[in-house]
Structures are given as C-alpha cells and as structure tokens.
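A.B. asks: Below you'll find the structure I mean.
Every number here is computed from the coordinates shown, using simple stated rules; none is lab data. Predicted, not measured: the structure shown is a model, and the values here were computed from it. Positions of Cβ are generated from backbone atoms using ideal geometry, with glycine treated the same way; all protein chains shown enter the neighbour counts.
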Amino acid sequence: MNNSAVNTGRLIGAGLRALLVLTLVCGVVYPLAVTGIAQAVFPGKANGSEIKDPTTGKVVGSELIGQSYNLPQKNPDDAPQADLRWFQPRPSNGLGANSVNTQYQLILSGATNLSGDSGAVDGKCPAKLSAYQTEDEQATLCYKVLSAQQAVIQDNSVPGHTVEPSDVPAEAVTSSGSGLDPHISPTYAKLQTHRVAARNHLDVAAVEQLVAEHTDGRTLGFLGEPRVNVLQLNLALKSLVAKG
C-alpha cells in the first residue's frame, strides 16, 4: 500500500515536472526564438507584409490581402459603386474598404462555391442578362460572370477606346478561392489604363508606365504568372495624381 502511494506520487511529480518543462520550452522559449528569428531575418513578412502610404507613412493594408475601391456610401443599404478613378481588383464580396482614402476593414472571406455550370442551359450560359429573370437565376455563376463582364466593358470604354468582350480576362469577372486575392493580371491592369487616365486627367502612356513598373514576374522565373498588386499600383497612382 505504501509502495503504491509512493509510486503514484512519483508519477504525479514527474508528470508535473514534464508539464512545467514542456510549457516553458514550447510555450515560452520556442515562440520567442521563432519570433526573434522572424523579426531579425524577415521583419516585413513577420509583421504581416504591411504596405505604407509613402506620402503619409501610415500603414494602409497588406500586400497579401486585397481591397475594394468604392465610392463612399450615402446609405448603408445602397449597393457599392466602384470608384473609377482607381484600378479595380477582382470581384469579391469579402474585401474591406478602400484604404487609400478610408480605414481598411476586412469583412469576410471565402469562395462563392458555385459550380462551373451554375446557370448554364444545355452546357452553355445564356449570353443576355435578360435571360436571367428569377432571383435564383441571378444568383448563378453564369449571371454573375456575364453581369461583371458587361460592367467591366461599360466602365472601361472611354471616348476613343472601346473595350470588347474578348478583351476581358477571366479574373476580371471571377473571384479567387479566398476572395482576398490582392493581385490582378497585367492584362486586366492594362485594360483599365485608359479609364484611369481619363478619370484622373493623366496621359495614358504615364499610366501604362505605372502598370509596367508594378508588374511582378513569375516567382523564381517559372512559378505562377506575372501579376500586379492593386494596392501598390493605386498608391503609385495617388502619388502621380498629386504631382499633377
């Protein structure tokens, strides 16, 4: 009986000592070591890949999370309207407010979960918005893509430059899996240059140069696709507009 109690006490003591040591190592020493190494070697990435406005020095977002660029809403129930002075990101219901002008606030993230044939008839999407009459039909992927395509064409067609349906790239009318993609393709960025130049009274060549300067190539030269970070591009645009 005494030996059993002694053995039990030893096991409990050993367990408590192991708990204390593992808590100290895994809960204090290891996190501090990893945090210290990250801050020393990758400070920018460790702090969330923050982007600062060069004119104010304030953090306006992260290069890893997209943002929307909409006009201020007079009524909270009104549908968001794109501020066409800025380059627009991919469609998403999860992006926060435009931090170039207002405080950035993340709402939600996630994919639409709509299948590729959502809204299709006999394997094809109806080519006219008038074909989608009911709320269920207007909630399909076909309707969302078609309405987004028409909006891109309308928004970016300016006097002397007309956007055709074939000019609109896929990411201009579809959201990413997370809904938070901060990048667009150089093709979509270039499609917007005439509209951005007209809205800001800038030369198209100057805006196209901004796009070229903010186009990132493939990672390591072969991974992924060339891309443009919309927030960084719009900050550069803001500086260009300020210079007149």
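A.B. asks: Structure shown: which of Lys45/Lys190; Lys45/Lys144; Lys52/Lys74 lie over 32 Å apart, alpha-carbon to alpha-carbon?
C.D. replies: Check vs 32 Å cut-off fails for Lys45/Lys144.
A.B. asks: Right, another one. Sorted by average packing, counted as other Cβ atoms within 10 angstrom per residue and highest first, what order do 133-140, 121-128 take?
C.D. replies: In descending order of packing, they fall as 133-140, 121-128.
A.B. asks: Continuing with the same structure: Could you give me the ³J(HN,Hα) list for the stretch 34-49, computed from phi with Karplus coefficients 6.51, -1.76, 1.60 and θ = phi - 60°, whole Hz, x at Gly and Pro?
C.D. replies: 5, 5, x, 5, 4, 5, 7, 9, 10, x, x, 5, 5, 9, x, 6
A.B. asks: Continuing with this model, one more query. Which ³J(HN,Hα) values, rounded to whole Hz and listed in residue order, are derived for the stretch 61-68 from phi using the Karplus coefficients 6.51, -1.76 and 1.60 in 6.51 cos²θ - 1.76 cosθ + 1.60 with θ = phi - 60°, glycine and proline given as x?
C.D. replies: Per-residue couplings from phi come out as x, 10, 6, 9, 10, x, 9, 9 Hz.
A.B. asks: Then there is this: Please list, ordered by chain and number, the residues whose modelled amide H lies under 5 Å from the amide H of Asn70; skip anything fewer than 5 residues away on the same chain.
C.D. replies: Residues meeting the amide H criterion: Asp83, Asn98.
A.B. asks: Compute, for the chain, the length of the dipole vector about the Cα centre, with Cβ point charges of +1 (Lys, Arg) and -1 (Asp, Glu) only. Units Debye, rounded to 20.
C.D. replies: The dipole of the chain has a size of about 940 debye.
A.B. asks: Now, a different point. So what's the back-of-envelope 222 nm ellipticity for the chain, counting only DSSP H runs of four-plus at -39500 (n - 2.57) apiece and dividing by all residues, rounded to 500?
C.D. replies: -12000 deg cm²/dmol
A.B. asks: Along the charge dipole of the chain, Cβ charges K/R +1 and D/E -1, which of Val6, Leu141, Val204 sits furthest on the positive end?
C.D. replies: My answer, from the dipole projection, is Val6.
A.B. asks: Considering the zone a paramagnetic label at Ser49 would reach in this model (a point 7 Å from Cα along the Cα-to-Cβ line), which residues of the stretch 208-235 have amide N under 18 Å from it?
C.D. replies: Label zone hits: 214-235.
A.B. asks: Please give the length that would be gained between Asn200 and Lys243 if that part of the chain were fully extended, namely 0.36 nm times their separation in residues minus their C-alpha to C-alpha distance (nm, one decimal).
C.D. replies: 14.3 nm
A.B. asks: Rounded to the nearest 0.05, what FRET efficiency is calculated for Asp136 and Arg17 with R0 set to 41 Å and r the Cβ-Cβ distance?
C.D. replies: The computed FRET efficiency comes out at 0.05.
A.B. asks: Something else about it: Express in nm, to one decimal, how much length is gained between Ala170 and Ile37 on full extension, taking 0.36 nm for each residue of separation and deducting their alpha carbon distance.
C.D. replies: 43.9 nm
A.B. asks: Antiparallel DSSP bridges in the chain: what percent, to the nearest 5?
C.D. replies: 90
A.B. asks: Oh, and also: Label points 7 Å out from Cα along the Cβ direction at Ala111 and Ala79: separation in nm?
C.D. replies: 2.6
A.B. asks: Residue-wise, which Karplus ³J(HN,Hα) couplings in Hz belong to the stretch 183-199, taking 6.51 cos²θ - 1.76 cosθ + 1.60, θ = phi - 60°, and x for glycine or proline?
C.D. replies: 3J(HN,Hα) across the stretch 183-199, in whole Hz: 10, 10, 7, x, 4, 5, 5, 5, 4, 8, 5, 5, 5, 4, 5, 5, 5.
A.B. asks: Right, something else. Taking amide hydrogens as modeled 1.01 Å from N in the peptide plane, which residues meet the under 5 Å criterion relative to Val163, leaving out close sequence neighbours?
C.D. replies: Counting only residues 5 or more places away or on other chains, the set is Ser157, Val158.
A.B. asks: Express in nm, to one decimal, how much length is gained between Thr219 and Ser147 on full extension, taking 0.36 nm for each residue of separation and deducting their alpha carbon distance.
C.D. replies: Once the chain is fully extended between Thr219 and Ser147, it gains 22.6 nm.
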